[in-house]
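Here the structure comes first, spelled out in structure tokens, and everything after it is commentary.
None of the figures in this text is laboratory data; all of them are computed from the coordinates on show. These figures come from a predicted structure and were not determined experimentally. Positions of Cβ are backbone-derived with ideal geometry, glycine not excepted, and every protein chain shown enters the neighbour counts.
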Amino acid sequence: MNAAIWFSLLLFFLATLLPSPVSALLQDEVAVLLQFRSNLESNTTWILSDWSTSRDPNPCVWIGVACDSSSSSVQGLNLSGMSLRGQLYPKLCMLPNLESIDLSNNSFSGGFPREFLGSCNKLRYLNLSSNLFSGQLPAAGFGNLSRLSKLDLSNNELQGGIPQDVMTLPSLQELDLSGNNLTGTIPVNITSKNLRRLSLANNKLRGEIPGEIWSFAMLRELLLWKNSLTGPIPRNVSRLVHLEGIYVQANNLSGEIPVELARLPSLKRVWLFQNSFVGEIPQEFGLHSELEEFDVALNRLTGPLPPNVCRRDTLKFFSVNVNQISGSIPPSFSNCTRLEIFYASSNQLEGQLPSSLFTSSLRDFDISGNRFQGSLPASINSATSLVFLTLSGNWLSGELPAGVGSLPSLLAISAGSNNFSGSIPPSYFITVVMLDLSKNNLSGNVDLGMITTSTSHLVFLDLSRNHLTGTLPAPLCGFLNMHVLSLAWNHLQGSIPQCFGNLSSLQILDLSHNNLQGSLPERLEGLRGLQDVSSQGNRLTVIFFPRILDWKEIFTQWIQHFGNSVYFDWRQAFESSREFFQQMEGYSILLNWKGTFRIVGDIYSSTTSIDVSSNNLTGTIPSELGKLAGLRNLNLSFNRFSGSIPGELGQLQNLESLDLSSNRLQGEIPWSLTQLGFLGGFNASGNHLQGRIPGGNGFNTRFDPSSFGSNNNLCGYPLINRCRQEDGGGAMPAPREDEKFSRRVFAIATVASFIPAFYLAL
């Protein structure tokens with residue numbers, strides 16, 4: 001063989017080792033991909049910076065692009081979770097061999113292009129979930145996707161109805177349209193017989209579930225939760241022999257739970273809560289399948305607990321909360337060794353708690369609002385995974401097991417409203433964050449053991465309405481994370497430790513109805529988050545510091561000190577808050593009303609009632625009360641107010657009741673009060689008022705003589721005292737410069753004695 005032939009063979013061999021030039025087909029696909037990239041918002045195109053022919057002309061090596069190994073044609077596009085923004089390129093399926101598109105978890109927006117559907121006839125997988133697509137889905141066009149096996153458009157902002165042809169795709173196995181705003185009914189005439197997973201959850205669908213769905217023999221998961229679906233679960237649910245999970249919670253489904261559902265051989269997860277199901281729970285649940293999750297809470301179910309749910313020891317989650325279930329916990333629940341969650345609150349269950357329930361797997365146990373009796377079983381000390389223990393509202397008795405407080409994972413104990421007795425184990429104060437033992441028969445001292453600042457985690461502590469004795473333990477001051485502390489209605493004695501002023505996170509403090517003496521710690525005024533302080537029913541001397549009201553964070557407080565000696569400097573409270581209220585005119589406020597926060601309008605129009613009666617308030621009545629335009633009821637009676645009645649009260653055009661009785665007020669009744677057209681109740685008796693009772697607008701005929709009694713120098717109708725000519729009152733006085741209304745407002749800060757200091761009736 002001559003040299004020329006050898007040289008030709010060598011060139012051919014070397015050519016096979018070099019990359020071939022990009023084919024014409026691939027060049028067309030490059031153009032489509034680059035057009036897709038150009039549809040992105042400019043600030044996100046950098047994410048696909050390697051989509052460049054200058055870097056590599058072969059798109060098969062670009063990020064997110066997958067090609068067929070034999071033809072080198074683009075077969076798949078996976079750009080999930082890449083923070084892309086823009087609109088979907090409608091001609092993306094001009095990629096002739098494209099079978100898979102995954103653009104999920106991005107921020108694509110705009111409508112769903114109908115043109116896109118017309119050219120994607122080879123598509124098998126389409127995932128556009130968790131984007132910002134909006135508008136209605138095309139009424140037609142999905143039928144072109146005859147090869148599609150998975151369609152996921154979940155968690156977008158799609159509206160309108162579900163297109164009929166979506167439910168007729170012959171190859172479709174998974175359809176997920178959940179988490180949108182789809183309306184209307186679920187289409188009938190569903191022919192996608194190969195469906196294995198159907199999710200239309202979290203939309204606004206209504207009507208009954210179409211009967212065709214219950215005949216999909218291949219269906220494994222049915223997710224229709226959080227819609228407005230009605231009607232029953234039909235008995236032909238028995239056809240779903242492969243069904244593993246049914247999730248139809250948060251609808252308006254009704255009727256009885258069919259026993260055919262309980263007999264499905266593959267059933268593992270049953271979520272039927274928050275519907276209107278009635279009747280008994282079928283006892284066959286758990287007999288025919290390995291049940292793992294069972295939730296029928298918030299229905300109207302009656303009868304006993306299903307006895308077989310733990311027959312195969314696979315159950316992990318069980319909830320029957322808020323029904324009318326009765327009877328005791330079946331002995332068969334001893335098989336629930338893998339049970340992690342047990343919810344049975346607000347039913348009519350009774351009997352004793354089985355010791356076998358408290359296993360090392362149990363994490364959350366709630367039987368509140370039932371009729372369980374007896375003591376807690378010793379096995380509870382072995383529930384080493386327990387995080388939440390809720391026993392409140394039963395008839396449980398006996399002593400609290402000491403070992404519960406040492407459970408390593410326990411965060412919350414709620415055992416109020418029972419009949420527990422004995423002392424509280426010190427271990428209960430160490431690891432938990434929330435401890436409620438209120439309304440029991442617990443006694444003895446509050447023993448915190450070796451608690452220190454570094455070991456305390458309590459945020460909520462309620463030991464109220466027990467029989468606790470002794471003094472307030474100083475180690476309570478170590479609970480620096482404490483938000484709520486209630487020891488009310490016990491038999492505690494001694495003084496309140498001054499170090500309570502160190503509880504910087506405290507919001508609610510209730511020490512009422514004990515035998516405490518001394519005074520409230522002065523440093524409480526420095527607690528900026530403090531909202532409620534209750535100390536009534538003690539023998540405390542309460543020196544009220546207006547600075548305790550931090551108006552910039554808590555606009556009004558409910559501070560109760562019934563039955564104590566109360567001293568209050570009204571003027572100091574007003575002066576400390578005057579500047580702030582001038583700045584806040586017209587602003588909305590956050591109002592704490594008995595522990596509930598509400599957004600209300602500005603302070604002037606939102607305050608409708610002030611009652612500071614039966615205190616020892618002194619000084620003059622602030623004229624700034626006239627700025628509270630929404631005020632309907634004002635009760636300042638049984639105090640020691642002096643000076644005259646402010647004429648500015650006549651500005652309260654919505655005022656219906658005004659009680660100024662039993663004070664030390666002087667001067668005349670202002671003529672401006674006659675302009676209060678809605679005033680139906682008035683009492684100024686028991687003062688030192690003088691002059692003529694104003695008669696304008698029938699003011700002196702609206703109220704009986706007792707409203708003006710015990711004012712020796714008042715005269716005129718309806719009193720029998722006749723007025724002399726020099727007695728004033730009847731005519732409208734000319735306004736003086738010093739009576740012009742200022743822009744100041746009244747700082748709402750008082751303390752009540754017999755009636756709560758403030759109540760704002762909104």
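Details
- For the residue pairs LYS122/LYS204; LYS91/LYS204; LYS193/LYS316; LYS122/LYS226; LYS226/LYS268; LYS268/LYS316, the alpha carbons lie more than 22 Å apart in LYS122/LYS204; LYS91/LYS204; LYS193/LYS316; LYS122/LYS226.
- Across region 291-299, computed HN-Hα scalar couplings (Karplus, 6.51 cos²θ - 1.76 cosθ + 1.60, θ = phi - 60°) run 5, 10, 9, 9, 9, 10, 5, 6, 10 Hz from first to last residue, x flagging Gly and Pro.
- Highest average first, the peptides 618-627, 48-57 ordered by how many other beta carbon atoms sit within 10 Å of their residues are 618-627, 48-57.
- Database remark: amide H of ILE496 closer than 5 angstrom to the amide H of GLN517, SER519 (H placed geometrically; neighbours at sequence offset of 5 or more, or on other chains; Pro and chain starts carry no H).
- For region 95-156, average projected area of the Cα convex hull in nm²: 3.9
- Residues whose amide H comes within less than 5 Å of that of SER375, counting only those at least five positions distant or on another chain, are SER397 (H built at 1.01 Å from N in the peptide plane).
- Other-chain or far-sequence residues with amide H under 5 Å of PHE682's (modelled H): LEU658
- Prolate/oblate/rounded label for region 202-329 (Cα gyration tensor, a/c 1.5): oblate
- 3J(HN,Hα) couplings calculated from phi for region 419-434 with the Karplus curve 6.51 cos²θ - 1.76 cosθ + 1.60 (θ = phi - 60°) are, in sequence order, 10, 5, 10, x, 8, 8, x, x, 5, 5, 9, 8, 9, 6, 9, 10 Hz; Gly and Pro show x.
- Volume per residue for region 141-196 equals 74 cubic angstrom (convex hull of Cα atoms).
- Computed about the Cα centre, the dipole magnitude for region 131-290 is approximately 220 debye when only Lys and Arg (+1) and Asp and Glu (-1) carry charge, each at its Cβ.
- Overall form of region 81-128 per C-alpha gyration tensor (a/c, 1.5; a/b vs b/c): oblate
- Dividing the C-alpha radius of gyration of region 610-695 by 2.2 N^0.38 Å, with N its residue count, gives 0.98.
- Scoring 395-404, 698-707, 84-93, 434-443 by mean Cβ neighbours within 10 Å over their residues and listing the highest first yields 434-443, 84-93, 395-404, 698-707.
- Using the Karplus relation 6.51 cos²θ - 1.76 cosθ + 1.60 with θ = phi - 60°, the per-residue 3J(HN,Hα) values for region 474-482 come to 4, x, 4, 5, x, 7, 6, 9, 5 Hz, with x marking Gly and Pro.
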